[in-house]
Structures are given as structure tokens and as C-alpha cells.
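A.B. asks: Provided herewith is a single structure, encoded as C-alpha cells, for subsequent inquiry.
The values are calculated or read from the model by the stated rules, or taken from the named source; none is laboratory data. Note that the coordinates shown come from a computational prediction; the quantities given were computed from them, not determined experimentally. Neighbour counts run over all protein chains shown; Cβ positions are idealised from the backbone, glycine included. Side chains included, ligands, DNA and RNA excluded: accessible areas come from the protein's heavy atoms. Shrake-Rupley method; radii C 1.70, N 1.55, O 1.52, S 1.80 Å.
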Amino acid sequence: MTFERKITQFINQHQLLNEKANVIVGISGGADSVVLLYLLNKLGYKCIAAHCNFTLRGNESKADEQFVERFAQQLGCEFRHTTFNTKEIAQNTNRSIEMTARDLRYEWFEQLRVETGSNTIAVAHHANDLAETLLLNITRGTGHKGLTSMQPQRGNIIRPLLCVTREEIENYAKEQGLTFRTDSTNADTEIQRNRIRHNVIPQLEAINPSFVQTMSSNHKVWCNTEQLVQWSINHWREVITIESDDQRHHFSIEVLLSSPAPESILFEILRDYSFNATVCSQLYRSLKETSGTTFYSSTHEAIIDRNEIIVARQTFDKQKDDEITIDSDLKNLPEWLNLETGIVSKSFRIKRDKNCATFDAQSIHWPLTLRHWREGDTMEPFGMHGMQKVSDLLINNKIDCQTKHTLWILADMERILWIVGLRADGRGAITNATQRYVEFSLKQ
């Protein structure tokens with residue numbers, strides 16, 4: 001099968017392009033991207049040659065840009081280019097130069113696609129790039145996602161050359177009389193990918209001369225397997241979920257532990273909430289320990305609460321209480337809280353409502369503080385004798401761990417007055433001797 005026929009079949013098999021497609025073609029000037037632009041243009045697609053100058057190689061980078069522009073003009077393709085100060089951007093964002101260049105490139109390609117009304121963005125990754133990527137991912141440590149990276153299409157990105165090797169591409173370039181640029185940094189084995197390319201893959205090809213093609217075949221198998229894995233994960237996510245809304249997600253520990261691979265399924269569920277593998281492993285090991293253990297990602301918290309794992313977006317700073325000080329002139333009184341004072345008359349009746357707390361005004365020691373629950377908080381609940389841990393009261397009232405951390409505590413200078421909306425302290429209760437009262441209540 002000819003090179004062109006192989007690429008055409010691959011495009012049709014994966015439905016990468018339709019006949020009228022407008023394509024942004026990423027072109028660096030190297031053999032693979034030159035062949036990609038040349039071939040797509042020859043096949044009749046309307047191509048826009050898009051080149052990024054990352055200013056990493058001085059005059060060599062500028063020469064690449066000039067070469068690509070001339071080549072695009074020869075083919076009759078529109079040429080677009082941009083320039084990035086990649087080193088400076090990498091330093092400012094604390095990322096590697098390679099990762100910075102990759103992100104800048106794809107962000108600009110997408111902007112250009114939208115601006116020009118193009119259908120897709122074609123990049124020149126080939127079978128050798130796929131083998132190198134898989135080896136890098138395996139070496140660094142990866143799950144099934146890393147074994148299925150670099151798909152023929154992902155979103156608006158397509159890879160029409162993924163079915164051919166670097167050798168096939170360079171042979172085709174020679175057959176067509178195409179010239180191309182060689183990036184001098186490709187020989188630098190300090191770069192991990194180059195080390196894999198020049199040192200590792202030749203050793204593996206000494207064992208299996210068709211190693212690159214074998215890795216492509218393996219990739220197809222892993223991609224098919226990934227579909228089965230994803231189906232299973234979605235099934236168990238549905239079975240394990242007790243209830244879920246935009247704010248909170250409840251997962252059954254019992255059902256999770258009955259699954260065939262509970263730790264892996266837990267990770268797949270929690271990765272959607274930015275939890276990494278290390279935290280997920282710690283959480284999994286804690287499932288049979290004391291209820292109330294909390295784990296954090298950058299955006300969410302996961303709490304082991306009796307028979308459930310509760311995941312919710314972080315609503316408060318776990319390092320510091322949201323603390324509100326209320327002076328006797330009611331400065332800073334939040335809008336959701338009512339405070340009423342008055343004389344205790346014969347007709348006065350205490351409201352028997354958990355959303356209301358009434359005290360002898362003489363017993364209140366200003367200023368007041370509104371804050372979140374803290375480990376070690378104690379109070380003497382109304383109607384009970386002796387001090388109780390607030391944590392025990394919350395457990396007895398079946399307050400789950402996530403809600404517990406969002407409850408407000410109203411305290412004065414000496415004691416906790418009220419677990420807002422739940423239980424008042426009995427000290428300072430209204431008696432026959434009380435002359436004035438202070439009443440706190442939640443606004444309905």
C-alpha cells in the first residue's frame with residue numbers, strides 16, 4: 001500500500017476529515033509537519049499553515065519561520081504565525097519549557113481555529129512519537145489513561161500521520177522532493193524524549209525490529225480495553241452513588257468495598273474532584289477507621305462519614321475560621337441572624353424552636369463571636385446537666401461531617417451560647433428572676 005493510500009484510509013477509518021474541511025495545520029518545518037501540510041493540501045483540503053516561533057534557538061528559530069512561510073506560499077496555502085517568549089513565560093508560571101511550549105502552541109491553534117472558522121487542527125504526530133510517549137508515560141508511572149494517550153482524534157485535534165513511522169515519512173519526503181528543517185535540539189539527550197528516541201528505542205528494536213509498529217498495535221488494544229474499563233467505572237459510579245447534586249455527592253462505602261477493584265474505582269470517581277492518587281490511597285486505607293476523617297483536594301473535600309464518603313466543594317478555609325465579631329451595638333450582625341432584646345413580662349413565652357435561642361440578658365458577656373465548629377468545643381446543652389462535647393452532640397443529632405464543618409457557633413467571651421439552628425446552652429437560661437432577655441433567631 002502506498003504512503004498516500006495508507007494516510008487516506010486512516011483519515012476515512014477514523015472520520016478525521018470531511019471533503020470540505022478547513023484545517024489548521026501545525027507546521028514547525030521538520031519532515032513530519034512538512035509532509036503533513038503537503039499531503040493534506042494535495043488531497044484537496046483547504047489548509048492554513050500555522051507556525052509558532054518559540055524563540056528558543058535564536059537565528060535558527062527565525063530561519064524555521066521563514067522556511068515555513070516560503071513553503072506555504074509554494075503550496076498556495078494561507079500562512080499564519082506567532083511568536084512567544086517561551087523561557088520567560090515558563091519561568092513566570094513555574095513550568096518546564098517543553099510543557100509551556102506545548103500549552104502555548106495548542107492554545108494559539110484553538111484561537112486560530114475559531115478565528116478562521118476552521119473545522120479541525122491537524123498535528124504531525126506519527127507512530128514513533130506514539131511509542132516514545134507511551135514509554136515516557138510508563139517510565140514516569142501511569143494508569144490506563146496514560147496507555148491510551150495520543151488518539152487519532154481528541155476534541156478538535158487530529159493526527160492523520162499516526163499510522164506511519166518516521167522512516168516512512170522521510171522516505172516519502174525524498175520521493176516528493178520535499179526539503180525540511182532539522183531542529184538541532186532533537187539531538188540533545190538531556191531532554192527525556194530524545195533520550196528515549198536515541199538510546200532506549202534502538203535497544204528495544206534490537207530485540208524486536210518492529211518495535212514501533214508493535215507499540216502501535218498495543219495502543220489499539222489498550223484503547224479498546226479502555227472503553228470496557230470506562231463502561232465499568234461508569235457502572236460502579238452509578239451503583240455506588242447514594243445521592244448527588246451540584247453541591248454534594250454521597251457514595252456508599254459498603255457498595256464500594258464490594259466492587260472488584262475498590263481502590264481503583266475510588267480513584268476514578270474522586271479524580272473528577274481534583275483528588276490525586278496519593279490522597280485517594282490515603283482515603284481508601286482510612287475507610288475502616290474512625291468516622292470523620294477529612295481529605296482535601298485543591299477544590300473539594302472528602303469526608304468519611306459513617307457508611308458514606310461525602311464529597312463537597314470547599315466552602316470555607318480549612319486553615320482558618322470565618323470569624324465574625326459582634327459588638328453590643330450589633331455591628332457586623334450578619335443579615336441571616338435576628339437579635340431581639342426586651343423586658344420579660346408576664347405574657348413572655350420562650351419559643352421552643354431550634355432556630356431560636358433565648359438568654360437572660362445579664363448572662364451575656366459582649367462582644368459575641370460567630371465562628372465554625374472547632375475540635376474540642378464544649379457546652380452545657382439546655383435541659384442537660386454537665387458539659388458535653390459539641391462533637392458528641394453533632395453525632396447524636398446525626399449531623400454528617402460535611403454539614404458539621406459549616407455549622408456556625410455563637411459564643412460570648414466565656415462560653416458557647418448556641419450551635420446555630422441546633423442547640424442552645426442551658427447556662428444563662430430565663431428564670432423567674434430574669435428581667436430582660438436576649439433572643440437570637442434565624443431569619444426565615
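A.B. asks: Give me D for the chain in µm² s⁻¹, whole number, from Stokes-Einstein with Rh from the Kirkwood sum over alpha-carbon pairs, 25 °C and 0.890 mPa s. Please report the intermediate quantities before stating the final value.
C.D. replies: Numbers: Rh = 27.6 Å.
After rounding, the answer is 89 µm²/s.
A.B. asks: One-quarter of the Cα convex hull surface for the stretch 352-400, in nm²? Could you put the intermediate results ahead of the total?
C.D. replies: Working: hull surface 18.6 nm².
The Cα convex hull of the stretch 352-400, projected and averaged over all directions, gives 4.6 nm².
A.B. asks: Once you charge only the Cβ atoms, +1 for Lys and Arg and -1 for Asp and Glu, what is the size of the charge dipole of the stretch 1-85 about its Cα centre, to the nearest 20 debye? Spell out each step's value before the answer.
C.D. replies: Working: 9 positive and 8 negative charges, 36 e Å.
Result for the stretch 1-85 is approximately 180 debye, rounded to the nearest 20.
A.B. asks: List the longest stretch of the chain that has no exposed loop site; here a site is one of the chymotrypsin sites (Phe, Trp or Tyr not before Pro) assigned by DSSP to anything other than H, G, I, E or B, with at most 14 other Cβ within 10 Å. Write out the running numbers ahead of the final one.
C.D. replies: On the way: sites that count: Phe316, Trp336, Phe348.
For chymotrypsin sites (Phe, Trp or Tyr not before Pro) (loop position, at most 14 other Cβ atoms within 10 Å), the longest site-free span of the chain is 1-315.
A.B. asks: Below 8 Å between Cα atoms, with a sequence gap of 6+, how large is the relative contact order for the chain in percent?
C.D. replies: Details: 640 pairs, mean separation 47.8, N = 444.
Contact order relative to length: 11 percent.
A.B. asks: I would also like to ask the following. Over 29 Å between Cα atoms: which of Lys351/Lys398; Lys331/Lys351; Lys220/Lys288; Lys145/Lys174 fall into that group?
C.D. replies: Details: Lys351/Lys398 23 Å; Lys331/Lys351 25 Å; Lys220/Lys288 39 Å; Lys145/Lys174 36 Å.
Over 29 Å Cα-Cα: Lys220/Lys288; Lys145/Lys174.
A.B. asks: Using only the alpha-carbon atoms, how far is helix 59-75 inclined from the longest principal axis of the chain? Give it as 0 to 90 degrees, nearest 10.
C.D. replies: Between the helix axis and the principal axis of the chain, the angle is about 70 degrees.
A.B. asks: Next question, about the same structure. Taking the Cα centre of the stretch 180-332 as the origin and placing charges on Cβ (Lys, Arg +1; Asp, Glu -1), which of Asn224, Ala312, Ala277 is farthest toward the positive end of the dipole?
C.D. replies: Asn224
A.B. asks: Considering the dipole of the chain built from charges on the beta carbon (Lys and Arg +1, Asp and Glu -1) around the Cα centre, which of Thr8, His365, Leu256 is farthest to its positive end?
C.D. replies: So the residue furthest toward the plus end is Thr8.
A.B. asks: List the GluC sites (Glu not before Pro) in the stretch 235-300 that DSSP assigns to loop (not H, G, I, E or B) and whose Cβ has at most 11 other Cβ atoms within 10 Å. Which are they? Numbers along the way, then the final one.
C.D. replies: On the way: sites: Glu238, Glu243, Glu254, Glu263, Glu268, Glu289; in loops: Glu289.
Taking the stretch 235-300 and a limit of 11 other Cβ atoms within 10 Å, the loop GluC sites (Glu not before Pro) found are Glu289.
A.B. asks: List the trypsin sites (Lys or Arg not before Pro) in the stretch 24-59 that DSSP assigns to loop (not H, G, I, E or B) and whose Cβ has at most 16 other Cβ atoms within 10 Å. Which are they? All intermediate terms of the calculation are to be shown ahead of the outcome.
C.D. replies: On the way: sites: Lys42, Lys46, Arg57; in loops: Arg57.
Hits after loop and neighbour filter: Arg57.
A.B. asks: How high is the relative contact order of the stretch 85-238? Use alpha-carbon pairs under 8 Å, at least six apart in sequence, and give a whole percent.
C.D. replies: Working: 109 pairs, mean separation 36.7, N = 154.
Result for the stretch 85-238 is 24 percent.
A.B. asks: So what is the calculated 222 nm ellipticity per residue for the chain, using -39500 (n - 2.57) for each DSSP H run with n of 4 or more, over all residues, to the nearest 500 deg cm²/dmol? Write down the numbers at each step before the final one.
C.D. replies: On the way: 15 runs with 167 residues, N = 444.
Calculated at 222 nm, the ellipticity per residue is -11500 deg cm²/dmol.
A.B. asks: Nothing charged except the Cβ atoms of Lys and Arg (+1) and of Asp and Glu (-1): what's the magnitude of the dipole of the chain about its Cα centre? Round to the nearest 20 debye. Before the final figure, lay out each step's value.
C.D. replies: On the way: 50 positive and 56 negative charges, 77 e Å.
Dipole size: approximately 380 debye.
A.B. asks: Using +1 at the Cβ of each Lys and Arg and -1 at the Cβ of each Asp and Glu in the stretch 339-401, identify which of Thr378, Ile350, Ile395 lies farthest towards the dipole's positive end.
C.D. replies: Ile350
A.B. asks: Moving on to the next point. Taking the Cα centre as origin and putting +1 on Lys and Arg beta-carbons and -1 on Asp and Glu beta-carbons, what dipole magnitude results for the stretch 1-152, to the nearest 20 debye?
C.D. replies: 220 debye
A.B. asks: Of the trypsin sites (Lys or Arg not before Pro) in the stretch 361-444, which ones lie in a loop per DSSP and count no more than 13 other C-beta atoms within 10 Å? Intermediate results must be reported in sequence, preceding the final value.
C.D. replies: Values: sites: Arg371, Arg374, Lys389, Lys398, Lys404, Arg415, Arg423, Arg427, Arg436, Lys443; in loops: Arg374, Lys398, Arg415, Arg427, Lys443.
Filter output for the stretch 361-444: Arg374, Lys398, Lys443.
A.B. asks: Please tell me the relative contact order of the stretch 211-290 in percent, rounded to the nearest whole number, where contacts are Cα pairs under 8 Å and at least six residues apart. It would help to have the intermediate numbers written out before the result.
C.D. replies: Details: 42 pairs, mean separation 15.1, N = 80.
After rounding, I find 19 percent.
A.B. asks: Short version: ³J(HN,Hα) in whole Hz for each residue of the stretch 180-193, in order, from phi by Karplus 6.51 cos²θ - 1.76 cosθ + 1.60 (θ = phi - 60°), x for Gly and Pro, what are they?
C.D. replies: 8, 9, 10, 6, 4, 6, 5, 8, 7, 7, 6, 7, 4, 4
A.B. asks: Ok, one more. Determine the per residue accessible area of the stretch 1-101 with all protein chains present and a 1.4 angstrom probe, expressed in square angstrom. The partial results should precede the final answer.
C.D. replies: On the way: 5270 Å² over 101 residues.
With all protein chains present, the stretch 1-101 gives 52 Å² per residue.
A.B. asks: Return the whole-Å distance between the Cα centroid of the stretch 253-269 and the Cα centroid of the stretch 75-120.
C.D. replies: When both Cα centres are located, 40 Å separates them.
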